[in-house]
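Report on one structure; see the data block that follows.
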Amino acid sequence: MTEASGIRVRPATRDDAAAITRIYNEGIRGRGATFETRERAVTDVLPWFDDPRFPILVATEGADVVGWAAASTYRARACYAGIAEYSIYVATSHHGRGVGGALMPVFLDALDAAGFWKVLSRLFPENTASRALCARFGFREVGVYEKHGQLDGAWRDVVVVERLLGAARR
Ligand SMILES: CC(C)(COP(=O)(O)OP(=O)(O)OC[C@H]1O[C@@H](n2cnc3c(N)ncnc32)[C@H](O)[C@@H]1OP(=O)(O)O)[C@@H](O)C(=O)NCCC(=O)NCCS
């Protein structure tokens, strides 16, 4: 567990699923983070906890969960087993207050400890906060996938970001 300006970061449990869902749905509604438009139910989030290899962390302020970071499968192929995708979402009430910056280093350590050699994601180019967070923690912008999907009927590009971990980083 870490603490920075009242924000604590700890491994999530199933009891956090409702808060994780609520924060994820804020991000989905915000349309700045993901192609997803279907809001999630707690029952969509609970299965994330079924594979203990993938870290899920929450940031708390007092008793409140104010952000989360979670890893998931990149590809099913065995050769990619050491690559994780990640998502990070902070409650809109807490954007720009260092919550993402508190989550990310603990999350990277957890991925490292779990034996992953790379973590990656895809970001909308306009997502300046997420790109700044990645830059601060050593992610590389690999390039841009053009028209990678449509959101509300409009083509959107995505920036691919990656960060090496563990022995691959050293
Ligand atoms: C992206 C996100 C996780 C960042 O978390 P955060 O707690 O808001 O960010 P922090 O306060 O820790 O700041 C991280 C960096 O982003 C910058 N930043 C924060 N808000 C910003 C904004 N609105 N515009 C530009 N830069 C911003 C900060 O200055 C900081 O950069 P620095 O390290 O160079 O100083 C958060 O804004 C969020 O949940 N957004 C919606 C979901 C999302 O886009 N997730 C990422 C895709 S999975």
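For this structure, a couple of remarks:
- Computed over the chain: relative contact order in percent, which uses C-alpha pairs under 8 Å that are six or more apart: 20 percent
- Result for the chain in a Gaussian network model with C-alpha springs under 10 Å: among Thr34, Thr128, Thr60, the largest mean-square fluctuation is at Thr128.
- Think of it as helices only: each DSSP H run of n ≥ 4 in the chain is worth -39500 (n - 2.57), and spread over all residues that comes to -7500 deg cm²/dmol at 222 nm.
- Measuring nothing but alpha carbons in the stretch 2-120 and taking Rh as the Kirkwood radius, the Rg to Rh ratio lands at 0.95.
- The order of the peptides 41-49, 103-111, 8-16, 75-83 by mean Cβ neighbours within 10 Å, most packed first, is 103-111, 8-16, 41-49, 75-83.
Laboratory data are not the source of any read-out in this text; all were calculated from the coordinates shown. Everything numeric in this text was worked out from a predicted model, so none of it was measured. Positions of Cβ are generated from backbone atoms using ideal geometry, with glycine treated the same way; all protein chains shown enter the neighbour counts.
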